[in-house]
1. What is the spread of the Cα atoms of the stretch A:154-282 along each of their three principal axes, largest first, in whole Å?
2. Report D for chain A in µm² per second (integer): Stokes-Einstein, Kirkwood Rh on Cα pairs, 25 °C, 0.890 mPa s.
3. So if each residue of separation counts as 0.36 nm, and I subtract the Cα-Cα distance between residue A:102 and residue A:173, what length gain in nm does that give?
4. What Kirkwood hydrodynamic radius, in Å, does the stretch B:181-292 give when the mean of 1/r is taken over all pairs of distinct Cα atoms and then inverted?
5. Give a residue-ordered list of calculated ³J(HN,Hα) values for the stretch A:182-191 (Karplus: 6.51 cos²θ - 1.76 cosθ + 1.60, θ = phi - 60°; whole Hz; x for Gly, Pro).
6. Would you mind checking the radius of gyration and Dmax of the stretch A:222-263 based on alpha-carbon positions, in Å?
7. Pairs of alpha-carbon atoms within less than 8 angstrom and 6+ residues apart define the contacts here; what relative contact order does the stretch A:245-308 have, in percent?
8. So what does the Cα-only Debye profile of the stretch B:164-208 read at q = 0.19, 0.25, 0.29, 0.31 Å⁻¹, as log10 I(q)/I(0), no solvent term?
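Laboratory data are not the source of any read-out in this text; all were calculated from the coordinates shown. All figures in this text were calculated on a predicted structure; none of them were measured in a lab. No Cβ is skipped: glycine too gets one built from the backbone with ideal geometry, and neighbour counts run over all protein chains shown.
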Amino acid sequence: MALILDRRDQLSGPGLHVFIAGVSHYEFLPDGSDVEAEKTFGLRQLSSTATTAWLVYQRLLALDGRGLLRLPIATVHLLLSPSAAEADKEPALKTVARCNRRHFVRDAKSWRTCASASDEDMTFFYFAGHGVQRRQKDSVLLLDDFGDPDAGGTLANAVDVQHLYAGMAPPSDAAAQIARRQMYFIDACRMPSGEFQQNEWMDVLPLWDVALSGPDNVIAPKFYATIPGAKAFAVGGQQTLFSLALFEALDRLGAVGPRSAGGDRRWRVTAASLRPAIETSLAAFAAKHNGEQQFTTDGALDEEPIAFFEQPPPVDVEIRIDPDAAVTLCGLEILTSKQKPFRTIDPIAPHPARLQLEPGVWGVRAVVKNPPQPPYDDFIEFLEIRLPRAEVTARVLP
Amino acid sequence: MTRLRFSTKFTSPELRGLQLPLEVRSADQTLIGRVMTSESIDVEPGMYVVSARMPAGQEIRRIVEVGDKDLTVDLVPPGVRAAAVEVATFLGSSRARVADVRAAVAKVGPAALRAAASPARRRGIELPGKRVADAVGDALRGTVARLRGFAGNPLAGTLETVKLPLKEIARADNVVQYHVQGTETTTFLQLLHANRPPVNIALPLSGRAGCIVALHREAERVWVEVHVDHSEAGLLLGYQQSRAGSEEVQLGERLLRQKLDDPIAAAIGAYSLLRFGRLDALHDWTENLKNWFRWLPDGAAVRGEHLARLGRHGEALETFVGLPGLPVFSDGVAFVWERVRLYGRLEKEFPADLIEKAKALQQRLAPFIGFINFDNVVTTFTGLDPARPDAEVLKELPAAGGGAWDVT
């Protein structure tokens, strides 16, 4: 079954066409099956990429269910090749078609057909699994039957990302359409095996016929989990670091305020805001798991919303009185930017005070109780409270 | 309504008067508008946040309380910086932050570095007639590197060694800035390091404007960044490098709206507009760029890609096969490569002689594609012979001469 979700009949306007693929189990890599590829390039089975793809799918469904995607989901194509452990943990992974070459070609073509309904539609592509590169600015995704000795060339069961993208260009027929906003997430290594570079024109079997395009104003940001020549990492058996960072960005870190000139007034995530958010988040996750991973992007990172927030995401704020000796002598007032009282914290216990505020400009006033209490004096400052955390020091010692 | 005006506080001649793209947001983070520092914006009284982001990642942010009187907002660059190296500090990559390098050095400790440095190599940087003191101390001396210049067409193998017209314009901390005079020839700076592959960097030069080369010293190496001489184009180039989408769009359109006589600046603006699909903003500009500056490979690259995006593939291919050399900017190389590859596979769509030329161009480009670092906006690739890229590590420096400068 190519489509696992088809809501086109329910939509009255443009929609989002999703294609997600995740491969953990590789048939012809060591421990895959009885037959091993002639050349495995040191690649091993993966433990979390199929789960990652599933989680991405679930996350999109959840956002869609709350009306928080820029466009409602119209169609979903999903292919998963889970490991045995992943399937034991989440049996639903086994109900989805495998991500082998035959299925990928089938689903890619179906996805493209769905996305050809309207220029106003959007697409979302996510792949998690092994990836290699033959040269700089190259990315080849390995499907679960990569290395099949009966398949022909080494890269027969693989996908050239550039070729995938080229096939989604606007057709030359002016009457034909295709989604003009396309997002690509490549959650895979870009390992430059010396062998690939020696035979750098090692061809990937074409996914489809690519014809000359018509006028092309497609906006297509591409997010690569790692930089050329590097590996992408995961928390074993759970989720890739890149997807963790993406979720953090979608949940909070990538949030930017609304535009004032009409339109949707909700806080949103854009391609432009995703980049620094993922960068920060990925570095944090990588450090937490004792690794290092840098991601990169290609294409236009513009400011059109990808997803929205129901409410502005909260900022974790910590307010400390300086010096500590003055804590019991003070109370705290939080003021709005219009200098109206918002919240009082008295006594300040525990110290430092912790609360959540919406991003924006707030006033923090530390008031010395029962003045005068020399040498201490009131403190007030208006400052910008920004995601994800803010630390404020109220200095009551002039 | 109250009028807000803006003023930046850069001190270097290169950045003083620089037009920065700004964001003005209300206290609740609603975007009120985006303006350049030379423009003004009218707002209701209240609190606002005015911000600008530099290509190297630093942010300038001011909370402003607006009453009834018009106001000028001063935007002071963060941190204490030597005015002399503001270009390298603010327009370079995030790697170029002087303070970060300092911190890295401080972490290792000069004693450890001194222990690693051979006494025979404790000399300073030498460039024609100048000796540059190593500001971070003796601990960093010992790096051996050489700079060379090449001009011509590496695709055709017609490169010659040239003595680059370098003039030191500023130095501070461990950064030295040089100005390179403009020329109407594609020019490359080569950095040779023992035990590293040689790196070739295209210099964004034109007959109208030169560029700035910033030489950075780290514990074990010297590395180079280039900046264009045109301040707004340099700013846009920096935003392209750091993938700062909002700023890139804001500045790209503005750059192209100006009457530009610098083809390098125009190419930089065109690349941004192509990236964001702003084909309508390009008009006939790309045709002018290609025809008025025939020596500049990026003119053909930009024009060809523009035509391809318009669906005029025959004209695009004709333009690409006339490429006079390797584009100065890696986006240009990528455009040409991807299109020529695609067209070469669609032989039936084009005349046979054009396909033959396309395949010949593909063959000339192919050796470079594997060694260009496409994460750098300026075309950068490895190889001792710039006409024959490779990744061979240099075991020892070749003989000096032919206008080379030693960095020791």
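1. 52, 48, 22
2. Values: Rh = 23.4 Å.
Approximately 105 µm²/s, per Stokes-Einstein.
3. Details: separation 71, 0.36 × 71 = 25.56 nm, distance 2.81 nm.
Taking residue A:102 through residue A:173 to full extension adds about 22.8 nm, to one decimal.
4. Values: mean 1/r = 0.0658 Å⁻¹.
Taking every pair of different Cα atoms in the stretch B:181-292, averaging 1/r and inverting gives 15.2 Å.
5. The phi angles translate into 10, 10, 10, 10, 10, 9, 8, 5, 10, 6 Hz.
6. Both quantities, over Cα of the stretch A:222-263: 14.9, 46 Å.
7. Working: 90 pairs, mean separation 23.9, N = 64.
Relative contact order for the stretch A:245-308 comes out at 37 percent.
8. Evaluating at q = 0.19, 0.25, 0.29, 0.31 Å⁻¹ gives log10 I(q)/I(0) of -0.75, -0.99, -1.05, -1.07.
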